[in-house]
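Quick notes on the structure that follows.
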Amino acid sequence: MVLDGVSFSVEEGEIFGILGPNGAGKTTAVECVEGLRRPDGGSIRVLGLDPIENRGTLCEQTGVQLQDTQLPDNLKVWEALDLYASFYAKPCDWRELLQQWGLEDKRDARFGKLSGGQRQRLFIALALVGDPRVVFLDELTTGLDPQARRATWSLIKQIRATGVTVVLVSHYMDEVEELCDRAAIFDQGRIVTLDTPSGIVAEIDAEYEMRFTLIAGDLADVAGLPGVVRVTRNGDYIVVTGRGDFATAVTAQLARDHVLVSDLRIDRRTLDDAFIALTGQPFD
Amino acid sequence: MGKLAVVEVKLLAREPGAIFTLLIPLFILLAFGSSIEPGDTVLLPMALAIAVGLVGLYLLPTTLATYRERGILRRMSTTPVRPANLLAVQVILQLVLTLTTGALLIAIAGTVLNADLPTAVGQIAVTFLLGTGAMFAVGLLIAALARSGRTANGLGVLLYFPMAYLAGLMQPTDQMPKLLARVGEYTPLGAFRQSMHQLWTDTTPSPVLLAVLAAYAVAISAAAARFFRWE
């Protein structure tokens, strides 16, 4: 069994993240929702419709970007958009998509000659060409360079700004933190948590660290402050590990004691930490 | 559907493999045609069989398996248009390509090479369609079983040479071992070449051979449909 007791609902107009390690069942879950796979049990409704029974109606209102798919190398960008637009009863104007997704100067380029980022933008444009109410984007930025990833993120935010609901399957924590209104973390076919990214981070309450170098004054009893787990000292270099809002308590204490520090750094708690805490395994 | 057909025609025209399947039989016809005696009944049926064999065993399976491998069928299945439409368009398109090649070969043989042409146009058409049906069925089965375009291509090559040999396309059947020539007559490509040859010698093609071709076309396509994987 790939999925067991998975239940979630996506609100209209939000970006919903589905996170999890490879083999967690996230792609299977999304394929069932997209109607590409028939579930053995349970019930799924997308825009009030059954993905299998009402396939035809639903396909008109959803757009899908699939992981690991290509187009024919000799297909030109405009031909792909024009062709896919012809599949839908009420498509968008693909010329506008071309412009919006920065593919105008690649209009006559063949798919085989496009860069990874350009291909990805074309795929997103193809997912949007039917003027969908919901789009599913699977492993959108895998294999892209950091700059192309950032650019893609801002485009995803644009999609939401037009009122389209986005379901984002990802195994990048930073992507989910940046984009998603809410996210579900999958592990071994189950949803282990479902909340806003900051909610997930807070809920897990993983340990994190603050570091600084002592310049003047004596370090008082920081170890006894609420939330502090341990203090390690190496000469003037101090690392305080704790949970919750301990960093505020520590900085307040330092100020009261007139202790001067430099190079103060507080590690942000991230979804990565939450993920490790939830699934007991590091990501990837 | 119209736009899909237009795009697929463009893609086919941009595919060097498609041009080769058109040029190879033409080249063979012209290369050997100049040194062959008038009234020859062997060369043109051979060239026609090569043309049909190349499309059926190379072009069709490689194209379809590549479409599956690249996730093009899968991507289409997320749109309102079923990917079966794409397969249908491809099969029709390649059928048109085969018919065009066949017509071109016959026209060139009739004009440039002054070859004798049979007058039974209806019978030629029926035989050509049955032969193409049988070879396309083999191609569809390859496409159904091969995981990737590369595998499909390899399987096509692997099948083409023994089939072409048995069909008497490598050497005339009267120079082949008798048993092999006899067996070859009942292979899809062999039955096709033999019935074409019969038409060229002004006899009616043997109903048994035509039935064999029809049986191959139906049985092998059924197997292809049964085993075809969309992903």
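The values are calculated or read from the model by the stated rules, or taken from the named source; none is laboratory data. Just so it is clear, the structure is predicted and the values come from calculations on it, not from any experiment. Here Cβ is always computed from backbone atoms with ideal geometry, including for glycine, and neighbour counts include all displayed protein chains.
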* Could you please let me know if A:Gly20 is crowded, with 18+ Cβ neighbours inside 10 Å, touching a residue at least 60 places away in the same chain (Cβ under 8 Å), on the phi > 0 side of the Ramachandran plot and of a type in the set (Gly, Ala, Ser)? => yes
Subset of the stretch B:105-143, residues under 15 Å from the mean Cα position of the chain (by Cα), crowded, with 17+ Cβ neighbours inside 10 Å and of a type in the set (Gly, Ala, Ser), comes to B:Gly131, B:Gly133, B:Ala134, B:Ala137, B:Gly139, B:Ala143
Of B:Tyr67, B:Tyr58, the only residue that is within 12 Å of another protein chain (Cβ to nearest Cβ) and among the aromatic types (Phe, Trp, Tyr) is B:Tyr67
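Can we say B:Gly102 is buried (at least 17 other Cβ atoms within 10 Å of the Cβ), small (Gly, Ala, Ser) and outside any loop (DSSP other than H, G, I, E, B)? Before the answer, list the steps.
Details: buried (at least 17 other Cβ atoms within 10 Å of the Cβ): yes; small (Gly, Ala, Ser): yes; outside any loop (DSSP other than H, G, I, E, B): yes.
For B:Gly102, the condition - buried (at least 17 other Cβ atoms within 10 Å of the Cβ), small (Gly, Ala, Ser) and outside any loop (DSSP other than H, G, I, E, B) - is met.
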Of (1) within 12 Å of chain B (Cβ to nearest Cβ); (2) touching a Lys or Arg at 6+ places or on another chain (Cβ under 6 Å); (3) among the acidic types (Asp, Glu), A:Asp82 fails just (2)
Picked from the stretch B:70-91 (must be without any contact (Cβ under 8 Å) to a residue 60 or more places away in the chain and more than 9 Å from chain A (Cβ to nearest Cβ)), the residue surrounded by the most Cβ atoms within 10 Å (Cβ to Cβ) is B:Leu87
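Return yes or no: is A:Val64 more than 10 Å from chain B (Cβ to nearest Cβ), in a strand (DSSP E or B) and either among the β-branched types (Val, Ile, Thr) or farther than 24 Å from A:Ile15 by Cα (or both)?
Values: more than 10 Å from chain B (Cβ to nearest Cβ): no; in a strand (DSSP E or B): yes; either among the β-branched types (Val, Ile, Thr) or farther than 24 Å from A:Ile15 by Cα (or both): yes.
Criteria not met by A:Val64.
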Filter the stretch A:183-208 for residues that are buried (at least 16 other Cβ atoms within 10 Å of the Cβ) and of a type in the set (Asp, Glu); the one that is modelled with the lowest pLDDT is A:Glu207
If we ask which residues in the stretch A:45-66 are surrounded by 16 or more Cβ atoms within 10 Å (Cβ to Cβ) and acidic (Asp, Glu), their number turns out to be 1
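Taking the condition of a type outside the set (Phe, Trp, Tyr), crowded, with 24+ Cβ neighbours inside 10 Å and either within 22 Å of B:Arg14 (Cα to Cα) or more than 14 Å from chain A (Cβ to nearest Cβ) (or both), does B:Val52 pass?
Numbers: of a type outside the set (Phe, Trp, Tyr): yes; crowded, with 24+ Cβ neighbours inside 10 Å: yes; either within 22 Å of B:Arg14 (Cα to Cα) or more than 14 Å from chain A (Cβ to nearest Cβ) (or both): yes.
It is true that B:Val52 is of a type outside the set (Phe, Trp, Tyr), crowded, with 24+ Cβ neighbours inside 10 Å and either within 22 Å of B:Arg14 (Cα to Cα) or more than 14 Å from chain A (Cβ to nearest Cβ) (or both).
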For the stretch A:121-159 the number of residues that are within 14 Å of chain B (Cβ to nearest Cβ) and part of a helix (DSSP H, G or I) is 7
Filtering the stretch A:28-57 down to residues that are of a type outside the set (Val, Ile, Thr), in contact with a helix residue (DSSP H, G or I) (Cβ under 9 Å, 6 or more places away or on another chain) and more than 9 Å from chain B (Cβ to nearest Cβ) yields A:Arg37, A:Arg38, A:Pro39, A:Gly42, A:Leu47, A:Leu49, A:Asp50, A:Pro51
